[in-house]
Amino acid sequence: MPDVLINCYRKKGYIECQTLDLVKLNQRIEDSHQEVVLMSDKTIEQLIEDIRCETPALFRVSDGVAMLDMLASFAQLVTTSDYVRPEITRCLAIKAGRHPIHEKARSQESYVPNDVYADRQKRFQIITGCNMSGKSTYIRSIALMTVMAQIGCFVPAQYASFPLVDQLFARVSMDDCIEANVSTFASEMRETAFILRNVGKNSLAIIDELGRGTSTRDGLAIAVSIAEALIESQAFVWFTTHFRELAEMLNERPGVGNMHLQTQVTADRLNMLYRLSPGPCTETSYGLALARVVALPPMVLEVAEQVSERITQMKEQKKRGSRARALMRRRKLVLGLREILLQAHEADMKEDALKSYLKSVQSVFVRKMEEINGEIEAGSDDESHQEAIVVEDDSL
């Protein structure tokens, strides 16, 4: 090799080598690169130092740009969709409310809107219905529209009014937490405990099928206990459940309302109407109907129907008399009348319209009160008849 070549390395079919001039040039390039990096760092540090004193103004500009972007998004949404400006009142009322995300995923013609109404005498609403009937979508749409109204956005409805809500709680997931070594039931109990510790009179909570992660008896007991605590908190709560007993036990409590999602059940078809109706769900075997739709073996379905019928008969035999229920219904009716009168007092209605409204309220109240008094008298007659039978048996 020539003497001018240094650092020679033989690698298979070729030789790598350098010269002294190349080494000097490489060193000059590396020194120049380091000098450029140091100059760049110095320039950037000087720029940061100059900008730091202008940080408050930049934050205000960023906040203004973000606010403008949000308002422009709201305006674009309102002009391209059928949204309405909400009002701030003491009750939550929505006419033909829709889920802001689901209606975009589906065509607006196929989406079924629903009404919502809650005041202090209907602040805790139990939502029952078949699986896949739309219970979760319904309560989530209420929470989303509440958030939209309080940040200044129009909402997807024909009319909407909301109270001021300082906290919003949601217990809607059925997932476990493997990272924290927590099961589904433990996870929902932990989240529910947080809600109970922080819920207040001006809060709104949505609870989706509480107590499904454990046995039926324990799940029902815990669901009833938590429901009682939420009722006492005075918060607005929407509580979906498959426990029919929960709806029956709390139906006459003041502040509780029962609603259900309609379903048409036939021999070979389960048609979801996604329409909200008052009262608890009347269809008692929608689980069996859904099992028939997915074509379980006939023998399995037959045994399941027999067991379900037997359990229903046993529950009917254990029902208590109607006198206590009727007294609770009367108290609830009177409290509801008070709430209606307060709303009428605060409403901006003309005199003729107000008189007509109060007359209709009076007629409905009198009719319902007569029905309840009739039930109480019937219950008293039944108790007197039972006491007479007991006395006669004793004398014999």
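The values are calculated or read from the model by the stated rules, or taken from the named source; none is laboratory data. None of the values given here were measured: they were computed from a predicted structure. Cβ placement follows ideal geometry from the backbone for every residue including glycine, while neighbour counts extend to all protein chains displayed. Just the protein is used for accessible areas: all its heavy atoms, side chains included, with ligands, DNA and RNA removed. Shrake-Rupley method; radii C 1.70, N 1.55, O 1.52, S 1.80 Å.
Results, tabulated for the structure shown:
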item	result
Ratio of the Cα radius of gyration of the range 214-269 to 2.2 N^0.38 Å, where N counts its residues	1.34
Principal axis dimensions, largest first and in whole angstrom, of the range 1-88 by Cα	92, 40, 17
Peptides ranked, highest mean first, by Cβ atoms within 10 Å: ranges 329-338, 113-122	113-122, 329-338
Solvent-accessible heavy-atom area per residue, rounded to whole Å², over the range 1-139 at 1.4 Å	71 Å²
GluC sites (Glu not before Pro) within the range 1-66: DSSP coil, no more than 11 neighbouring Cβ in 10 Å	Glu54
Bridge type composition, the chain - antiparallel percent by DSSP, nearest 5	50 percent
Semi-axis lengths, Å, the range 52-175, gyration tensor of Cα atoms, sqrt of 5 times eigenvalues	31, 18, 16
12 Å beta-carbon shell around Glu302, net charge (K/R +1, D/E -1)	-1
When the chain is reduced to its Cα atoms, the Kirkwood hydrodynamic radius in Å	27.2 Å
Gain upon complete extension [Glu309, Asp31; 0.36 nm per residue less C-alpha separation]	91.1 nm
Accessible carbon and sulfur surface of the chain relative to its total accessible area, %, 1.4 Å	56 percent
The chain: relative contact order as a whole-number percent, Cα under 8 Å and 6+ apart	14 percent
Helix-only mean residue ellipticity at 222 nm for the chain, each DSSP H run of n ≥ 4 adding -39500 (n - 2.57), per residue, nearest 500	-18500 deg cm²/dmol
